[in-house]
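Step one of this worksheet: look at the structure below.
The values are calculated or read from the model by the stated rules, or taken from the named source; none is laboratory data. Model, not experiment: these values are computed from the prediction. Reconstructed Cβ throughout: ideal geometry from the backbone, glycine too, with neighbour counts over all protein chains shown.
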Amino acid sequence: MEVTLLEATDDPEDLVCKAARNDYSDEFVGGQSLEATMETVEGDSLEAKKETLIGHLLEHGHFGPFEHPQITFAVEGVSRSCMAQITRHRHVSFDVQSMRYVSFDEVDPDDVRAGEMVVVPPSATDPDWVGRNQKGDADEDDIERREEIFRDTVADAVESYQELLDLGMPPEDARFVLPIGTKVNMVMSMNVRMLMHVADMRAAADAQWEIRTMTEELLDIAADWCPITFDHYEREMKNRKNRLAP
Ligand SMILES: Cc1cc2nc3c(=O)[nH]c(=O)nc-3n(C[C@H](O)[C@H](O)[C@H](O)COP(=O)(O)OP(=O)(O)OC[C@H]3O[C@@H](n4cnc5c(N)ncnc54)[C@H](O)[C@@H]3O)c2cc1C
């Protein structure tokens, strides 16, 4: 998979601070410089004041100000299974590559066997892989057989799909024979609060390896975009127990 940054709010943490200070200020923050808005916050520099305020907001669960900055990611090549998981988050906006209007009629089934078009889970090929919900130990022969079954099945499915297209079946119906591991591209947008919530649920140990990998990539990008917030998140909040609310 590949995750890239498409767009993001400029100076997101200045925006969080302005929004939060608005709540406790008798001045109109719209007419002030950030320096003036942050004047009474503890810290020797503007950067230190931002750290104080953002740390305070996160520690006290004052998450509203984190809803203002928005980020948009482009994600390439995750499975439709991973897509189904991430699209359950109702405060994230999505555009998902269509299988009604995009048909995979040019893909060579032999390339599918080699990993194109369908995500190959590590448990199909890696004898040392330890995943959740794994039943018993598998020896090298088992893994070899798993890989053979997996690769043959997905290549056969794509071959059948293409045959159905050749027989005039519309892509939107022929796709029914494709595996849930079929790769998809997405564009998704969310605010900082939601990104932390997604990470609470999807970077957690009980989430599946693929969505965990994707979420870690989102967090890497977010760490450059909102460094104070996501540094605090990584240190103090990630993997916390309470995941009932954002
Ligand atoms: C490890 C794991 C396993 C899962 N397994 C399954 C499964 O087997 N089957 C399945 O169906 N789902 C499963 N899910 C999905 C899960 O149940 C949620 O639907 C999904 O993670 C969306 O998260 P969310 O409920 O926090 O809602 P989001 O859409 O992310 O919303 C964020 C928050 O907003 C609030 N909120 C949003 N909408 C409402 C609303 N209508 N009413 C009240 N509050 C609201 C809630 O506080 C919510 O936490 C699984 C998730 C994980 C992480």
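A few comments on the model shown:
- Members of the stretch 182-215 that are closer than 15 Å to Val119 by Cα, polar (S, T, N, Q) and within 11 Å of the ligand (Cβ to nearest atom): Gln208
- If you go through the stretch 171-205 and pick out every residue that is closer than 19 Å to Val154 by Cα and assigned to a helix (DSSP H, G or I), you end up with 7.
- Residue among Phe73, Phe28, Phe104 that alone is crowded, with 18+ Cβ neighbours inside 10 Å and at pLDDT below 95: Phe104
- Restricting the stretch 114-166 to residues that are touching a Gly at 6+ places or on another chain (Cβ under 8 Å) and assigned to a helix (DSSP H, G or I), the residue that is surrounded by the fewest Cβ atoms within 10 Å (Cβ to Cβ) is Pro122.
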